[in-house]
1. Could you compute the FRET efficiency for residue 319 and residue 26, with r as their C-beta to C-beta distance and R0 at 51 Å, rounded to 0.05?
2. I'd like to know how segment 170-304 sits against the 2.2 N^0.38 Å rule of thumb: what's its Cα Rg over that expected value?
3. What's the whole-number percent of alpha carbon pairs in segment 124-217 lying beyond 22 angstrom?
4. Got a sec? Which residues in segment 283-324 would a label at residue 264 touch, if it sits 7 Å along Cα→Cβ and we count backbone N under 11 Å?
5. Antiparallel as a % of all DSSP beta bridges within the chain, to the nearest 5?
6. With labels modelled as points extended 7 Å from the Cα through the Cβ direction, what inter-label distance (nm, one decimal) is found for residue 113 paired with residue 181?
7. How are the C-alpha pair distances of segment 6-92 spread across 10 Å bins, as whole percents from the shortest bin up?
8. Name the residues of segment 239-270 whose amide N is less than 16 Å from a point 7 angstrom out from the Cα of residue 298 along the C-beta direction?
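FYI, it's all coordinate maths here, none of it is from the lab. Quick caveat, the model's predicted, so the values are computed rather than measured. Here the Cβ positions follow ideal geometry from the backbone for every residue, glycine too, while neighbour counts run over all protein chains shown.
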């Protein structure tokens, strides 16, 4: 929960929106419709979210005029709810780009249970469990937690408010808790969405070299226990990776996608945003996943290498077969 609180009228004035409801209602956080609680402000920018709107516990909603009649809660009507939400993240952002004036690594240097190498920077309010080993050149931001017996290879970067469980292994040059690709388009420019969420890695997770795992834009990104990543894997904001799932090198998973337990995902795969993949799914290398996979099994989506003109003919034939 944010330490900042605003009246609904203050938020409406900031956004240039129109209030329908109680202008004195206090808002203390931004949240998705699904995760919202009392005091949260959420937003609806597409009709597909109306089902979630009816079930949401949010105190107030950012919404467009054409959907306003569907909202039974206090609301602020704006021209573009997604852009308004992007602007609003600036109000609730606290130390998003922190200044690290003091290195607290010395607080752990006398511990016999923790090994911290040279040239390691540790921010404030960091918790490090017994048996943790941190190699040279690592950066650990404020409010990070590292569970017992975890091992960080050289030059790992952990952004603020990231939580690592026990016995995690993080290989060199990986970045945990960075911002995702979050921007809202307005005319000819992009408004940055500040990422206010967290990253949570459960126990016995291993992250390969040069991987990037984004924090949640709101809420959290989660890697459950025994997840294993090969090198150069990218997991975007608000994804959830199920227990025992293993992911091959250079696979990219877009935001808010949920992958089940005991999945095997080959190298070089691309998985789009906002889909769900069932438990016990195997996705072969170089597959491009564009829709949810609702049953267990083995799935492939690669194409053979041909001259481009022949490849176009090949794809046309395949498409006709599937259409029939």
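1. On the way: r = 54 Å, r/R0 = 1.07.
My answer for the efficiency is 0.40.
2. Working: Rg = 14.5 Å, N = 135, 2.2 N^0.38 = 14.2 Å.
In units of the 2.2 N^0.38 Å rule of thumb, it is 1.02.
3. Details: 1186 of 4371 pairs.
That fraction is 27 percent.
4. 283-285, 298-299
5. Values: 9 of 72 bridges.
Around 10 percent antiparallel, to the nearest 5.
6. Distance between the two pseudo-spin positions: 4.3 nm.
7. Whole-percent P(r) values from 0 Å outward: 20, 62, 19.
8. Of the residues in segment 239-270, 263-267 have backbone N under 16 Å from the label point off residue 298.
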